[in-house]
1. From the residues in segment 68-80 that are open to solvent by less than 70 Å² (accessible area, probe 1.4 Å) and at pLDDT 85 or above, which one is farthest from Ser108 (Cα to Cα)?
2. Which number in (1) open to solvent by 80 Å² or more (accessible area, probe 1.4 Å); (2) closer than 14 Å to Arg100 by Cα marks the one condition that Leu328 misses?
3. What is the number of the single condition among (1) in contact (Cβ under 8 Å) with a residue 24 or more places away in the chain; (2) more than 17 Å from Arg152 (Cβ to Cβ) that Asp203 does not meet?
4. Return only the number of the condition from (1) in contact (Cβ under 8 Å) with a residue 40 or more places away in the chain; (2) within 28 Å of Leu224 (Cβ to Cβ); (3) part of a strand (DSSP E or B); (4) open to solvent by 20 Å² or more (accessible area, probe 1.4 Å) that Ile153 does not satisfy.
5. Give me a count of the residues in segment 29-65 that are without any contact (Cβ under 8 Å) to a residue 40 or more places away in the chain and within 23 Å of Pro17 (Cα to Cα).
Amino acid sequence: MSSQIPELPGGLALTIPLAIVILVVMVILHELGHFIAAKRSGVKVLEFGIGWPPRLFGRTWRGTLYSLNAIPVGAFVRMLGENDQAQDPDSFSAKPKRSRALILVAGSAMNLLLAPVLFSVSALISDFDSVEITGVAPGSPAEAAGLRPGDRIEQVAGHEVDLPSDVGRIVLKNAGNEIRLGIDRNGAKLPVPIVPRRTHPDDEGPLGVSIRPHLAPAPFTKALARGFTRTAEAVVLVPAFILDLISGSVGLEEVSGPVGIVDAVGQAARRGPEIVLLLAGYITVQLAILNLLPWPGLDGGRLLLLGVEALRGGRRLPAAQEGAINILGILLLLMLVALVTVGDVRRIAGG
């Protein structure tokens, strides 16, 4: 199986609906987390809406209005006392801080629970499973060892390898010493002893081979492990990127917004469903982490206000102050999204 991913036909007619579906599903699941936690905490949920008004359809069941709305940009949960500090015992504002914190965190928790599923299913469809040799340099250690184009490297010095970088790292560490490669040649498993050279032409490397990733469906246990490891890797990406932004090592022009996501989904859609699922996994993790940032208006900003309430001995800020802080945060966030969107358009238009 070639490691190159074939591009599938498709254009804006596929890209934009697919991008909308991915983003809407991510947001619906996020809001579903808030909804479930609110219900379990005894908070009266006034409305669970898919999309944003104007309303197309609505039905009330067990005290909650379930609505379908015209603007397909996500979903929302409207709880009693969410913004006005109502004293009704069934309101969000009347619940203990612990319950309110749980409701706020539940949206991101739902996204983080989804991510391993997306990554695992992606790996079940197709994933890196070994490294394929595409060329052997004359007079190289690889030629002397009998390696051929089409051979797949599965192990190097007893270590399983999935990517060319894995091979390069282990080979460089063992330059000048004999190591054993685990080779798959048309289904036959071959142990191949080889000595990586210390000095070599710049375009050949210690072994004298050209290599590329090889893709194949992962076994269930490996795909499951991939799901959790990739989720963990994705979780640290957002904090690391924010630190890079603060330090100035990356610029704001490298941040992607809605237009950038649509472009990325379009590229993924042309390469296959496993790439779409992989991208969706990263998007849902980013949505989870970004919502927990201590930014006014986001879940993390509301958690920060809960912390302020705890420091004030249980006394909340006046409702007007909380509302003003949240509105200011949302306005600043919308300005940032607009700025990033302009950057996305310029970057995509520039090729």
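1. Restricting attention to segment 68-80, the residues satisfying the condition of being open to solvent by less than 70 Å² (accessible area, probe 1.4 Å) are 69-70, 74-77, 79-80.
Narrowing the set further to residues that are at pLDDT 85 or above leaves 69-70, 75-77, 79-80.
Numbers: Asn69: 23, Ala70: 25, Ala75: 14, Phe76: 14, Val77: 14, Met79: 18, Leu80: 21 Å.
Per the criteria, the residue is Ala70.
2. (2)
3. (1)
4. Single failed check for Ile153: (4).
5. So the answer is 10.
Okay, residues lined up against (1) crowded, with 17+ Cβ neighbours inside 10 Å; (2) of a type in the set (Lys, Arg):
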| site | (1), (2) |
| --- | --- |
| Asp162 | yes, no |
| Val171 | yes, no |
| Ala175 | no, no |
| Ile179 | yes, no |
| Arg198 | no, yes |
| Val209 | yes, no |
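Residues checked against (1) under 22 Å from the mean Cα position of the chain (by Cα); (2) open to solvent by 50 Å² or more (accessible area, probe 1.4 Å); (3) modelled with pLDDT of 90 or more; (4) under 30 Å from Arg148 (Cβ atoms):
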| position | (1), (2), (3), (4) |
| --- | --- |
| Pro201 | no, yes, no, yes |
| Gly205 | no, no, no, yes |
| Thr229 | yes, yes, yes, no |
| Val238 | yes, no, no, no |
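Okay, residues lined up against (1) surrounded by fewer than 19 Cβ atoms within 10 Å (Cβ to Cβ); (2) within 28 Å of the chain's Cα centre (by Cα); (3) not in a strand (DSSP E or B); (4) not hydroxyl-bearing (Ser, Thr, Tyr):
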| residue | (1), (2), (3), (4) |
| --- | --- |
| Glu31 | no, yes, yes, yes |
| Val43 | no, no, yes, yes |
| Leu46 | yes, no, no, yes |
| Trp52 | yes, yes, no, yes |
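The values are calculated or read from the model by the stated rules, or taken from the named source; none is laboratory data. From a predicted model like this one, the values you see are computed outputs, not experimental measurements. Using ideal geometry, Cβ is built from the backbone for each residue, glycine included, and neighbour counts are taken over all protein chains shown. Quick note on the areas: whole protein, heavy atoms, side chains included, nothing else; ligands and nucleic acids left out. Shrake-Rupley method; radii C 1.70, N 1.55, O 1.52, S 1.80 Å.
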